[in-house]
Amino acid sequence: MAEHDQRIDPATGTGFVGHEWDGIEELDTPMPRWWLYILYATIVFALVYIVLYPAIPTPLGGTPGTLAWSSHGQLASEMRADARQKGPILAAIARTPIEQIAADPRLLRAATEGGRAAFKVNCVQCHGAGAAGSKGYPNLNDDDWLWGGDPATLQQTLTHGIRQPGDDATRMSQMPAFGKDGILTAAQIQDVVSYVRTLSHQEAMSAAAGRGQTLFANNCAVCHGDTGKGGRQFGAPNLTDGIWLYGGDRATLTHTITNARYGIMPAWNTRLDPVTIKMLATYVHSLGGGEKPPVPAAPAVAANVRPK
């Protein structure tokens with residue numbers, strides 16, 4: 001429709017565009033000036049942005065922009081600044097034996113917080129956010145340790161892992177699969193289960209437990225000890241404390257004795273630097289179940305001898 005033929009809406013003074021739907025016609029209302037100004041501003045902003053920042057994809061990669069900015073570069077810059085800030089305290093942690101970190105509140109606080117961050121990234125998948133563990137993954141809050149819970153022992157365990165092939169310093173223990181390997185019959189295994197459950201006060205002594213006690217002495221005491229309290233030199237758990245990695249019910253104990261267990265933990269020296277491992281051990285020790293460092297034996301004192 002020509003402009004001079006355009007009909008005008010008498011109520012608004014605006015022309016019609018000539019479209020009609022079921023008797024409803026559309027007015028040719030112009031856009032507000034403020035809206036147009038915003039539109040033009042966004043167009044100008046977009047043009048400036050694609051010149052200054054990476055924006056246009058190409059077969060060889062995105063255009064770098066005249067500012068040469070990138071999120072990767074910004075992250076690297078921030079990490080370098082963070083490393084410069086933390087450098088002195090990390091160097092102090094690195095040169096301080098882990099047994100002595102607790103004596104310096106500043107180092108202890110920094111190591112604990114650094115270990116907490118490393119734990120959240122590397123350890124919560126198995127031990128949980130609160131380090132309470134789950135079936136097959138130990139609770140790090142209690143005082144039950146297979147190899148020891150003092151800072152230096154924890155550092156050693158974290159560094160070399162558990163049952164890691166090719167690492168002579170890894171924690172290694174292996175319980176025989178008494179049923180699978182034909183060492184004990186199914187009936188004998190049930191007797192041993194009965195006796196083991198008496199050690200943790202889950203069952204009263206019985207004829208089956210009595211037979212199991214003899215079998216335990218002949219097959220299990222070499223690692224777990226005559227009283228079932230375990231042995232850290234073998235990584236053998238204490239069977240009397242009621243703390244179980246997989247469970248202490250009859251069915252679970254039957255499965256464990258029949259097939260044995262073979263839990264593993266990574267050797268973190270292939271994934272983390274020594275300072276991070278030291279901080280991680282400090283954090284685990286701080287959770288509440290850590291043990292004090294062993295007290296070195298006092299040197300022997302010779303008897304007083306009157307000089308000639």
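The values are calculated or read from the model by the stated rules, or taken from the named source; none is laboratory data. Bear in mind that the values here come from a model prediction, so they are computed numbers and not experimental data. Backbone-built Cβ (ideal geometry, glycine too); neighbour counts: all protein chains shown. Calculation scope for accessible area: heavy atoms of the full protein, side chains included, ligands and nucleic acids excluded. Shrake-Rupley method; radii C 1.70, N 1.55, O 1.52, S 1.80 Å.
Taking every alpha-carbon pair under 8 Å whose residues sit at least 6 apart, the range 163-254 reaches a relative contact order of 23 percent. Which is farthest toward the positive dipole end of the range 161-308 among Y246, G182, G231, measuring Cα position about the Cα centre, with Cβ charges +1 (Lys, Arg) and -1 (Asp, Glu)? Farthest towards the positive pole: G231.
Placing unit charges on the Cβ atoms of the charged side chains and taking the dipole of the range 105-201 about its Cα centre, the candidate lying farthest along the positive direction among Y137, G115, T198 is G115. The residue list C126, G149, T159 was ranked by how far each Cα lies along the charge dipole of the range 101-168 toward its positive end, using unit charges on Cβ atoms, and C126 comes out on top.
Quick one, could you list the DSSP H helices from the chain stretching 27 Å or more along their long axis (Cα atoms) with average Kyte-Doolittle hydropathy of 1.6 or above? It would help to have the intermediate numbers written out before the result.
Numbers: long enough: 33-52 (28 Å, 1.84); 71-95 (34 Å, -0.37).
What comes out of the filter, once short or polar helices are dropped, is 33-52.
Each Lys and Arg Cβ is given +1 and each Asp and Glu Cβ -1; about its Cα centre, the range 131-260 then shows a dipole of about 300 debye. Shape of the range 212-292 from its Cα gyration tensor (a ≥ b ≥ c, root eigenvalues): rounded if a/c is under 1.5, otherwise prolate when a/b > b/c, or oblate? Verdict is prolate for the range 212-292.
Among D181, D9, the order of accessible area from largest down is D181, D9, computed with a 1.4 Å probe on protein heavy atoms.
Note: relative contact order over the chain, using C-alpha pairs below 8 Å and six or more positions apart, is 20 percent.
For V284, the solvent-accessible surface with a 1.4 Å probe is about 10 Å², rounded to the nearest 10.
Taking every DSSP helix (H) stretch of at least 4 residues in the chain, weighting each as -39,500 (n - 2.57) and dividing the sum by the residue count yields a mean residue ellipticity at 222 nm of -13500 deg cm²/dmol. When only the Cβ of Lys, Arg, Asp and Glu is charged (+1, +1, -1, -1), the dipole of the chain relative to its Cα centre reaches about 2400 debye.
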